[in-house]
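Note sheet for the following structure.
The values are calculated or read from the model by the stated rules, or taken from the named source; none is laboratory data. Quantities reported herein were computed from a predicted structural model and do not represent experimental measurements. Positions of Cβ are generated from backbone atoms using ideal geometry, with glycine treated the same way; all protein chains shown enter the neighbour counts. The accessibility values were calculated without ligands, DNA or RNA, using every heavy atom of the protein model including side chains. Shrake-Rupley method; radii C 1.70, N 1.55, O 1.52, S 1.80 Å.
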Amino acid sequence: MPAAEPQCPPQPPAPLSGDEVLFIKDTIKRFYGDDAIVRNFGPDPARMELHVETGRDIGIAHYDCCGVLMTRIDRDQIALEVSRRGMRIKGRAKLAYRQGVVL
């Protein structure tokens, strides 16, 4: 059996400008309510990765919200992960909880 390797160190997310943070928070609140929590967790500056934790139903608002974000923020790709409060965390949302920064 091979020797165990230590865990990879957490990577800090790519920085966002103040205007971008305000626009993101306003857009997320518009789609997911005032109690939504937004985390920035992507280390690549060309690709913005956001995680939203909300108490509302997710539905197709995910696509509308992502489209609005793409109108004002210039990135190669914007990834938006949405999870409902109290539900099991899956996929990339786990990474957001571990190394993401709350906006």
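Descriptive notes on the structure:
- DSSP finds beta bridges in the range 25-103, and of those with both partners inside it, around 45 percent are antiparallel.
- Highest GNM mean-square fluctuation among THR54, THR27, THR71, for the chain modelled with Cα contacts below 10 Å: THR71.
- With the simple spin-label model, which puts each label point 7 Å out from Cα in the Cβ direction, the ARG47 to HIS62 separation comes to 1.7 nm.
- Rounded to the nearest 0.05, the FRET efficiency derived from the C-beta distance between ARG98 and ILE73 at R0 = 22 Å is 0.40.
- The computed Cα extents along the principal axes in Å for the structure shown corresponds, within (1) 78, 27, 27; (2) 68, 29, 15; (3) 51, 30, 19, to (3).
- Gyration tensor verdict on the range 44-103 (Cα atoms; rounded if a/c is under 1.5, prolate if a/b is larger than b/c, oblate otherwise): oblate
- Accessible area per residue for the chain is 66 Å², calculated with a 1.4 Å probe on protein heavy atoms, without ligands, DNA or RNA.
- Portion, in percent, of the accessible area of the chain that falls on carbon or sulfur, probe 1.4 Å: 53
- Remark: spin-label model distance ASP34-GLN7 equals 3.6 nm, labels positioned 7 Å along the Cα→Cβ axis.
- Length released on extending from ASP26 to ARG88, taking residue separation times 0.36 nm less the Cα-Cα span: 19.7 nm
- Each Cα pair under 8 Å and six or more residues apart adds its separation to the average, and for the chain the resulting relative contact order is 32 percent.
- Scanning residues 5 or more positions from ASP44 or on other chains, those with amide H under 5 Å from its amide H are ALA14, with H placed 1.01 Å from N in the peptide plane.
- Of the trypsin sites (Lys or Arg not before Pro) found in the range 69-101, the ones in coil according to DSSP and having at most 10 other Cβ atoms within 10 Å of their Cβ are ARG88, LYS90.
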